[in-house]
Amino acid sequence: MMPHQIYAKQSVPGKGLGLIATVDIPRGTRILSESALILGPKLPGENLRTCLWKQWSTLSRQQREDYTSFGHMGPCTNDTERLCAIYNTNCLPLEGTCILEPGNTDRSQKRHKRGGLFPDACRINHACDRNAGTHWIESSQKIAVTALKDISKDEEITINYLGLNKPRRARRASLQTHFGFDCSCGLCSLSSRESKNSDRRLSEVLKLSLFIFGRIAESRRTRPLRELREFDQLIRLHNEQETGIADVGRIYVGIAERVLKYSDLARGKVFAERAISDFKIVYGSDCIEIQKWGYLLENPTEYELFGHSKAWKATVDEIPTALSPEKFEDWLWKRQLVSSVERIVDFRSRATFPPISHLPFSSNSDYYEINESSCSRARNHWCFFGEITHKTKFGKSSLAVKDVDGEDIKLAFETEEKGGELPPNKIELGYTVAIINARPHKFPIGDKNYGGKIGVLHGDELCLKIFPISLEELFGLNDQIQEFSIEKNGQRMCHGCQNKSASLAKCQKCSMFWYCSRACQIIGWNQNGHQDVCAFFRKQPDLKRMFLLDWEKYDIRVQFPLPT
């Protein structure tokens with residue numbers, strides 16, 4: 001089937017013309033490849049008006065009609081302005097991301113990078129969760145559009161006009177400002193909570209990318225395993241977010257180079273294969289990316305830093321062939337086996353549950369890792385506890401809380417709803433607020449009642465939970481857990497008779513208390529408060545999960561409700 005037969009230009013409600021699939025289009029299919037009607041300036045200083053008029057004079061009548069059939073943003077007073085406005089509104093970048101230049105009032109000079117206006121490709125509408133991507137082929141001077149996902153018959157073909165790592169609010173603002181429309185794609189139509197999760201992943205993708213690639217060679221050389229695990233997290237985030245297969249291909253190249261540097265031909269081959277596979281899907285087998293990096297698969301020892309160290313030396317014959325997909329990924333990424341023994345955290349640990357005086361700023365190297373480009377990233381998790389003492393003392397969008405040292409603290413909200421997302425029945429005096437990875441904030445001198453003091457400015461509602469329990473009650477519960485739940489020297493203490501044994505049975509409801517016998521369990525249940533504790537854990541599962549969470553390992557997915 002010829003390429004032009006797999007799509008049709010059709011009117012799309014609310015969008016004008018668009019491209020619609022006329023058949024099922026498998027992922028990796030090249031949907032179209034076409035030359036530009038007009039290409040933008042090659043050099044940044046070249047005048048757009050002169051460039052466009054020069055090419056306009058060579059266009060046929062039909063090509064001119066195709067060009068002027070495109071709409072444009074803003075009013076135009078003459079043909080020259082209209083020609084430039086059509087180009088600026090509709091052109092596609094030939095490489096990278098090309099956006100309008102903020103603050104530039106000259107309609108003829110608004111684009112940073114070279115672009116082109118194409119008769120069909122420029123009809124493709126935007127979707128933040130696009131199903132296709134564009135790629136400029138320098139050798140043929142054509143733009144190619146490739147399916148990045150399976151596209152069903154009668155489904156609209158879409159591309160992303162923006163950078164793929166923008167949160168929803170920034171995407172909406174940029175699209176409205178530069179293109180004059182609101183996006184209603186699947187990503188933009190997520191529920192508030194799902195959208196917040198998506199934004200967190202996108203933010204972490206950008207932060208982690210800057211962090212990894214911002215390191216100098218010396219830092220990479222000292223801790224290669226750490227970097228491999230960060231790459232592992234980055235790939236997982238991309239896969240969860242479906243951020244863009246082209247980005248993933250380039251990341252796999254970086255990983256292949258890292259492991260080859262340590263003489264690991266086995267993992268180098270796997271990562272190179274994944275990179276080349278992604279490039280073929282996005283760009284085609286004739287793309288320059290494969291020409292540039294294909295040697296990593298065919299002749300990996302030609303990599304200039306190959307064998308710099310023998311620390312991970314392995315041959316391609318050492319690639320395991322009998323592992324399950326999950327076990328293979330564990331081998332590939334050198335993931336540590338997780339101990340089956342539950343570790344119970346102590347809420348009295350001031351390192352993990354710090355008072356306001358110990359909350360870490362991003363310059364604190366015990367809690368944050370900072371690379372040579374001054375990018376910071378949390379090393380682990382911590383949690384701030386604050387008992388609500390007043391609802392209006394510090395004004396709107398804030399609460400007064402006392403920390404674990406009894407200090408009166410201002411907790412201010414800079415969430416989208418300024419704290420309005422919290423159910424009113426949860427905001428009660430004596431209840432305890434828990435904030436994962438809370439950050440200290442020095443309020444300005446002019447802040448009424450709290451100027452110049454350190455408090456908490458909270459911006460991520462997914463990391464805050466209010467528990468219907470006071471700090472005193474919380475630490476009382478914690479002390480019981482420390483005494484009766486933790487195994488010490490192979491033994492636990494019975495919650496009923498307080499005898500120690502290696503053969504106790506745990507409560508089948510909460511799994512936090514242990515007993516010698518049925519009789520001891522009845523004593524614990526009726527006389528030692530287990531009935532109330534067990535019921536509380538069932539109503540507040542996040543509190544139980546906080547005891548069992550691995551606080552020493554940073555994971556972007558740690559939020560409320562906590563992972564089981």
Quiz item: Could you list, in sequence order, the residues of the range 18-34 that are part of a strand (DSSP E or B), under 29 Å from the mean Cα position of the chain (by Cα) and of a type outside the set (A, V, I, L, M, F, W, C)?
Solution: Arg30
Self-check item: Options Val433, Val404; residue that is surrounded by 19 or more Cβ atoms within 10 Å (Cβ to Cβ) and assigned to a strand (DSSP E or B)
Solution: Val433
Exercise. Working only within the range 57-79, note down all residues that are part of a helix (DSSP H, G or I), of a type outside the set (Asp, Glu) and surrounded by fewer than 17 Cβ atoms within 10 Å (Cβ to Cβ).
Key: Arg61, Gln62, Gln63, Arg64, Thr68
Quiz item: Of all residues in the range 264-316, how many are in contact with a helix residue (DSSP H, G or I) (Cβ under 8 Å, 6 or more places away or on another chain) and charged (D, E, K, R)?
Solution: 8
Self-check item: Positions within the range 221-269 being at pLDDT below 95, among the aliphatic types (A, V, I, L, M) and more than 30 Å from Gly186 (Cα to Cα), in sequence order
Solution: Leu225, Leu228
Quiz item: When Leu399 is evaluated against the numbered criteria (1) aliphatic (A, V, I, L, M); (2) touching a residue at least 40 places away in the same chain (Cβ under 8 Å); (3) in contact with a Leu (Cβ under 9 Å, 6 or more places away or on another chain), which criterion, by number, is the only one it fails?
Solution: (2)
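Restricting attention to the range 142-176, and to residues there that are of a type in the set (Ser, Thr, Tyr) and in contact with a strand residue (DSSP E or B) (Cβ under 8 Å, 6 or more places away or on another chain), which single residue is nearest to Leu464 (Cα to Cα)? It would help to see each step written out before you state the result.
Start the filter on the range 142-176 by keeping residues that are of a type in the set (Ser, Thr, Tyr), which leaves 146, 152, 158, 161, 174.
So of that shortlist, the ones also in contact with a strand residue (DSSP E or B) (Cβ under 8 Å, 6 or more places away or on another chain) come out as 146, 152, 158, 161.
Working: Thr146: 42, Ser152: 40, Thr158: 36, Tyr161: 34 Å.
Ranking the candidates gives Tyr161 first.
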Exercise. Scan (1) over 20 Å from the mean Cα position of the chain (by Cα); (2) at pLDDT below 90; (3) of a type outside the set (A, V, I, L, M) for the single condition Lys207 breaks and write down its number.
Key: (1)
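Listed residues Ser517, Ser485; which is touching a residue at least 40 places away in the same chain (Cβ under 8 Å) and outside the structural domain of Glu428 (by TED's automatic domain parsing)? Lay out the reasoning, then the answer.
Working: Ser517 fails: touching a residue at least 40 places away in the same chain (Cβ under 8 Å).
None of the others qualify; the one that does is Ser485.
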Quiz item: If you check every pair at least six apart or on different chains, which have Cβ atoms under 7 Å apart with a residue in the range 19-31 that is surrounded by 17 or more Cβ atoms within 10 Å (Cβ to Cβ) first and a residue that is of a type in the set (A, V, I, L, M, F, W, C) and assigned to a loop (DSSP other than H, G, I, E, B) second?
Solution: Leu19/Ile124; Ala21/Ile6; Ile25/Ile6; Ile31/Ile6
Quiz prompt | Unmet requirement for Pro423, which otherwise passes all of (1) surrounded by fewer than 18 Cβ atoms within 10 Å (Cβ to Cβ); (2) modelled with pLDDT of 95 or more | solution = (2)
Quiz item: Among all residue pairs at least 6 apart or on different chains, which show Cβ distances below 6 Å where the first residue, located in the range 342-354, is outside the structural domain of Val456 (by TED's automatic domain parsing) and the second is small (Gly, Ala, Ser) and part of a loop (DSSP other than H, G, I, E, B)?
Solution: Ile344/Ser485
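The values are calculated or read from the model by the stated rules, or taken from the named source; none is laboratory data. The model shown is predicted, which means the values in this text are computed figures rather than measured ones. No Cβ is skipped: glycine too gets one built from the backbone with ideal geometry, and neighbour counts run over all protein chains shown.
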